[in-house]
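Worksheet: the structure to be examined is printed underneath.
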């Protein structure tokens with residue numbers, strides 16, 4: 001029973017116990033509770049009146065400091081909490097999506113990651129460690145990724161020295177400021193949620209608290225040997241393998257004995273000469289200072305001009321990259337009998353691959369423009385635009401006629417040494433057929449039926465070479481459960497350390513044949529691209545774009 005003094009509990013053999021309501025809860029409105037293995041109890045609260053809301057923690061004796069948005073919680077209204085099989089705590093917040101906590105590190109999932117809303121009412125975990133999220137009138141299943149992110153040290157700077165992708169030991173002088181820029185290679189975590197942890201051996205006993213900045217600075221006051229480490233943390237709280245960089249700190253040159261003693265003798269000699277030749281020495285010194293100042297000013301101007309040039313080039317490439325991305329489809333078309341997903345990853349700031357969905361006749365296109373960088377990207381933009389225009393002007397034409405019209409336009413618009421390879425697929429859903437036209441694309445589309453994987457070999461000449469040419473369509477009968485993959489050579493031709501191409505190694509077909517039929521089209525694309533990246537010697541040195549579109553027949 002309850003009264004104004006608290007809650008009274010009657011026990012069998014131990015009499016009465018009174019619990020005072022005047023506790024250190026972060027809010028008087030408690031919505032949920034979670035008992036953890038370390039004898040802690042978490043209480044989810046709602047921020048009202050003078051309370052701060054968030055999560056109150058009770059250790060059996062007293063309430064600890066609450067966990068709020070200042071600690072890393074997505075929002076201070078907590079509806080539900082659950083601990084999964086890996087010890088991660090999942091928190092349903094009303095207004096901030098889902099927060100994830102483990103080992104004093106927070107992450108979150110919200111509408112930027114695909115949730116329909118940030119207002120989450122309940123959350124639970126299945127025996128297979130799948131997270132079920134109850135949003136406003138919707139239930140979402142989320143499977144945390146086990147793939148670890150990668151991290152690299154992009155550049156370091158100390159004094160006037162700048163090194164890109166350093167691997168050898170750095171030599172710094174005491175008192176110098178070391179600036180390090182790291183970069184996470186992670187295609188599933190939103191850039192605003194990417195976290196980094198840093199450690200400098202002989203300075204910090206443990207990892208520093210995670211931050212969302214890729215920039216780290218440190219001043220070494222003492223000579224000695226140090227090890228700098230950085231690791232990335234993705235949205236599912238997976239930690240990358242740390243990257244280490246050895247650092248040797250040495251005294252400044254004028255503090256060495258071999259400099260101090262000779263300099264002292266030289267100073268005495270100079271003082272003697274100054275007395276004898278004072279006026280002449282003074283004039284020479286002034287002239288030397290003037291020349292040195294002019295040299296420093298010239299060097300500063302050169303550095304400033306170089307920086308402006310580099311920034312202008314980076315801005316130009318970024319604009320071109322944004323323009324190319326704006327032409328790619330934001331989402332796949334919704335079709336009753338088809339499940340479609342696609343992805344493009346450029347090798348440089350901009351690239352020559354593209355794909356598009358032409359929804360007027362259930363068509364999709366995947367293309368690869370010869371040439372790399374800005375030139376390749378601009379031709380990709382032009383080809384995509386011509387394809388869209390031809391489709392809008394001829395909405396009832398089949399894909400072979402549409403391919404011929406695009407080819408004719410490109411022959412008049414594209415430079416003589418450039419061409420475009422492209423496949424154009426049209427889906428006749430009532431007839432359960434795919435009509436395919438191929439313009440020089442040697443990375444043939446693949447058809448997976450059961451455990452069998454076969455190429456769909458339609459052939460034709462690349463676009464932009466000969467104006468008057470017909471493209472013969474190839475008709476493929478489809479069955480429920482079929483999986484079609486459309487790609488460029490960025491998928492089939494990456495090489496491993498032995499120089500063997502991905503497709504030639506047999507690994508590509510093995511990965512496809514072992515794909516589960518339960519995977520969605522988006523999961524198929526993610527699985528294949530991740531395996532291609534893992535196969536490469538160094539993903540940063542990749543010199544070709546990656547494009548993949550998956551179509552599942554339901």
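The values are calculated or read from the model by the stated rules, or taken from the named source; none is laboratory data. Bear in mind the structure is a predicted one, so any value in this text is a computation, not a measurement. No Cβ is skipped: glycine too gets one built from the backbone with ideal geometry, and neighbour counts run over all protein chains shown.
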| message | Tally up the residues in the stretch 377-401 that are part of a helix (DSSP H, G or I) and either touching a residue at least 40 places away in the same chain (Cβ under 8 Å) or outside the structural domain of residue 475 (by TED's automatic domain parsing) (or both), please. | response | 10
| Conditions (1) modelled with pLDDT under 95; (2) within 17 Å of residue 46 (Cβ to Cβ); number of the one not met by residue 115 | (2)
| Is it true that residue 392 is under 29 Å from residue 552 (Cα atoms), touching a strand residue (DSSP E or B) at 6+ places or on another chain (Cβ under 8 Å) and at pLDDT below 85? | no
| task | Taking only the stretch 208-225 into account, find how many residues are assigned to a loop (DSSP other than H, G, I, E, B) and under 14 Å from residue 156 (Cβ atoms). | result | 2
| remark: residue 443 fails exactly one of (1) assigned to a loop (DSSP other than H, G, I, E, B); (2) within 30 Å of residue 312 (Cα to Cα); (3) touching a helix residue (DSSP H, G or I) at 6+ places or on another chain (Cβ under 8 Å), namely (2)
| message | Being out of contact with any helix residue (DSSP H, G or I) (no Cβ under 6 Å at 6 or more places or on another chain) and touching a residue at least 24 places away in the same chain (Cβ under 8 Å): is that true of residue 163 here? | response | no
| query | Say we look at the stretch 512-552 and pick out the residues that are in a loop (DSSP other than H, G, I, E, B) and either surrounded by 15 or more Cβ atoms within 10 Å (Cβ to Cβ) or within 18 Å of the chain's Cα centre (by Cα) (or both); which of these is modelled with the lowest pLDDT? | reply | 542
| note | If you go through 484, 424, 436, the only one that is in contact with a helix residue (DSSP H, G or I) (Cβ under 6 Å, 6 or more places away or on another chain), buried (at least 20 other Cβ atoms within 10 Å of the Cβ) and part of a strand (DSSP E or B) is 424
| said: For the stretch 448-471, which positions are part of a strand (DSSP E or B) and surrounded by 21 or more Cβ atoms within 10 Å (Cβ to Cβ)? | reply: 448, 463
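Given the structure, is residue 243 surrounded by fewer than 18 Cβ atoms within 10 Å (Cβ to Cβ) and out of contact with any helix residue (DSSP H, G or I) (no Cβ under 7 Å at 6 or more places or on another chain)?
Details: surrounded by fewer than 18 Cβ atoms within 10 Å (Cβ to Cβ): yes; out of contact with any helix residue (DSSP H, G or I) (no Cβ under 7 Å at 6 or more places or on another chain): yes.
Yes.
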| query | Name the strands (runs of 3 or more DSSP E) wholly within the stretch 31-144 that hold at least 2 residues that are without any contact (Cβ under 8 Å) to a residue 60 or more places away in the chain? | reply | 41-46, 54-58, 78-83, 89-93, 97-102, 122-125, 131-135, 138-142
